[in-house]
Amino acid sequence: MTIRLYNTLAREKQDFEPQNPERVTMYVCGPTVYNYAHIGNARPAIIFDLLYRMLTLHYPEVVYARNITDVDDKINEAAAAQGVPISEISGRFAAAYHEDMAAIGAAPPTIEPRATDHIAQMIEMIQRLIDEGHAYEAEGHVLFDIGSFGKYGALSRRDAREMLAGSRVEVAPFKRNPGDFVLWKPSEDPQPGWDSPWGWGRPGWHLECSVMAETHLGETIDIHGGGQDLIFPHHENEIAQSVCSHGGTPFARYWVHNGFVTVEKRKMSKSLGNTLVVHELLKQHSGEVLRYLLLSAHYRQPLDWSDKELERARRTLDRLYSVLRTASDRFGPFEAADRPGEAFLDALRDDLNTPVALAEFNRVARELARAETAEEAHSAAAELLADAEFIGLLRVSPDEWFGGETEDSESAAIEALIEKRNQARADRDFATADAIRDELTAMGVLLEDAGGVTRWRRKDG
């Protein structure tokens with residue numbers, strides 16, 4: 001079956017046709033490790049993790065590279081503010097990023113190159129651009145001449161004035177064109193630096209991704225991904241320097257971008273104080289709840305984050321786990337099918353339509369809940385578990401889910417009340433048993449008595 005993806009460069013959905021079906025390549029811009037990742041950083045990690053899963057289902061080899069930017073002015077500033085070496089900042093927050101992404105179910109990429117391991121290749125690309133007349137030296141800097149690349153602006157569809165307005169383009173008097181961007185810049189202690197033909201310095205941010213993609217995936221890659229905020233200037237600049245350093249060879253065949261995450265309909269920003277950090281969110285919510293909410297909207301559309309939507313995601317997962325537990329008690333244990341259901345996969349093949357895929361996922365759960373025979377239950381459960389494994393949900397047992405979703409002290413209190421209720425029922429003290437049930441209901445806990453065993457879960461509403 002054909003996978004269709006929206007190509008930002010073409011402005012349309014297209015059938016995905018890799019240049020080599022035996023080896024599909026995908027590069028996604030990863031984190032700049034100067035602080036904890038916020039929920040907007042988590043969205044591409046989740047989306048491209050899912051795309052990678054989809055590609056591996058259809059092709060024998062998929063090479064997924066997601067970089068670590070470990071040399072950047074933001075890292076320098078963080079190190080200076082904390083009075084620690086730059087390597088301590090990048091190492092600490094790279095480790096935190098890996099931990100947080102694992103918690104929300106994003107598997108590691110095939111390759112995770114670090115910018116500082118590719119300085120020699122960066123110097124080589126800069127020299128090629130200078131030799132071909134696409135870059136020039138000025139006051140210790142090397143800059144890309146955007147006037148030398150006639151297709152500059154094709155990805156973002158911006159004219160020269162739009163490119164400069166509100167963009168992250170450094171203004172400098174030594175530039176030939178205000179839009180020319182830095183390939184190499186001088187360094188001063190304690191900034192990191194390396195020897196180069198242009199003096200002691202460090203690479204520009206845009207150059208780093210071009211070089212790492214070329215080194216690990218080749219001159220032309222199948223898919224380049226990232227957030228919409230990277231279309232200009234980052235990805236526009238990547239195209240310019242990569243194409244010009246490769247003699248005109250295309251850089252990426254498909255450009256895939258996810259939409260923004262807003263908070264209560266407002267853009268996240270330091271000034272508003274509404275930046276939601278994944279590391280902190282995970283102290284209050286299961287990573288699976290965060291993942292479900294991140295998948296609930298189509299990846300190209302904005303996703304509005306709110307406590308209401310978080311609660312809705314949690315309730316949905318409570319219901320799914322409850323269905324699985326009840327059915328398992330009656331007909332289990334269950335095993336996942338060899339592959340997800342076709343309707344579920346068809347939704348994901350259509351430009352990763354996760355809302356439709358999740359709707360199908362929930363439909364199968366309802367089918368399991370209505371099962372009257374072991375055959376019906378095992379068929380529905382097999383599909384549900386295969387879908388869940390593919391999309392990264394239902395990653396723990398129902399007992400672990402319901403026991404682990406509340407604070408330990410709260411869980412212990414609930415279990416103690418249930419034990420008291422069970423004893424009251426054994427003593428035929430039904431008034432006390434009913435009073436305890438009412439108390440638990442007031443706490444938002446629902447009881448399920450089946451087969452002599454009492455299970456509990458939180459209310460769905």
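The values are calculated or read from the model by the stated rules, or taken from the named source; none is laboratory data. Note that the structure is predicted; figures quoted are calculated from it, not measured. Every residue, glycine among them, receives a Cβ derived from its backbone with ideal geometry; neighbour counts consider all protein chains shown.
Observations
- Counting residues in the stretch 17-36 that are part of a helix (DSSP H, G or I), without any contact (Cβ under 8 Å) to a residue 60 or more places away in the chain, in contact with a helix residue (DSSP H, G or I) (Cβ under 6 Å, 6 or more places away or on another chain) and closer than 28 Å to L290 by Cβ gives zero.
- The requirement of being within 19 Å of L217 (Cβ to Cβ) and free of Cβ contacts under 8 Å to residues at least 12 places away in the same chain is fulfilled somewhere in the stretch 47-57, by at least one residue.
- Filter pass, A433 being modelled with pLDDT under 85, surrounded by 15 or more Cβ atoms within 10 Å (Cβ to Cβ) and out of contact with any strand residue (DSSP E or B) (no Cβ under 9 Å at 6 or more places or on another chain): yes
- Every condition in (1) closer than 23 Å to W401 by Cα; (2) in a helix (DSSP H, G or I) holds for V356 except the one numbered (1).
- Test: V323 is free of Cβ contacts under 8 Å to residues at least 12 places away in the same chain and either under 19 Å from the mean Cα position of the chain (by Cα) or in a helix (DSSP H, G or I) (or both): no
- Subset of the stretch 221-239 (residues that are farther than 16 Å from Y299 by Cα and out of contact with any His (no Cβ under 8 Å at 6 or more places or on another chain)): I221, D222, F232, E236, I239
- Qualifying residue in the stretch 76-86 (condition: loosely packed, with under 15 Cβ neighbours inside 10 Å, in the same structural domain as E208 (by TED's automatic domain parsing) and under 25 Å from the mean Cα position of the chain (by Cα)): no
- The condition (being of a type in the set (V, I, T), in contact with a helix residue (DSSP H, G or I) (Cβ under 6 Å, 6 or more places away or on another chain), outside the structural domain of R315 (by TED's automatic domain parsing) and assigned to a helix (DSSP H, G or I)) is satisfied by just one residue among V243, V289: V289.
- One residue alone among T69, T56, T32, T2 is closer than 23 Å to P250 by Cβ and among the β-branched types (V, I, T), and that residue is T2.
- Failed condition for L164, given (1) in contact with a helix residue (DSSP H, G or I) (Cβ under 8 Å, 6 or more places away or on another chain); (2) modelled with pLDDT under 90; (3) among the hydrophobic types (A, V, I, L, M, F, W, C): (1)
- If you go through the stretch 285-320 and pick out every residue that is exposed (fewer than 15 other Cβ atoms within 10 Å of the Cβ) and over 19 Å from the mean Cα position of the chain (by Cα), you end up with 3.
Rundown of residues vs (1) touching a Pro at 6+ places or on another chain (Cβ under 7 Å); (2) within 21 Å of G444 (Cα to Cα); (3) among the aromatic types (F, W, Y); (4) in contact (Cβ under 8 Å) with a residue 40 or more places away in the chain, yes/no style:
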site: H279; (1), (2), (3), (4): no, no, no, yes
site: Q284; (1), (2), (3), (4): no, yes, no, no
site: L293; (1), (2), (3), (4): no, no, no, no
site: R300; (1), (2), (3), (4): no, no, no, yes
site: L303; (1), (2), (3), (4): no, no, no, yes
site: L310; (1), (2), (3), (4): no, yes, no, no
site: T316; (1), (2), (3), (4): no, yes, no, yes
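- Within the stretch 183-224, if we keep just the residues that are without any contact (Cβ under 8 Å) to a residue 24 or more places away in the chain and in contact with a Lys or Arg (Cβ under 7 Å, 6 or more places away or on another chain), the residue that is surrounded by the most Cβ atoms within 10 Å (Cβ to Cβ) turns out to be G204.
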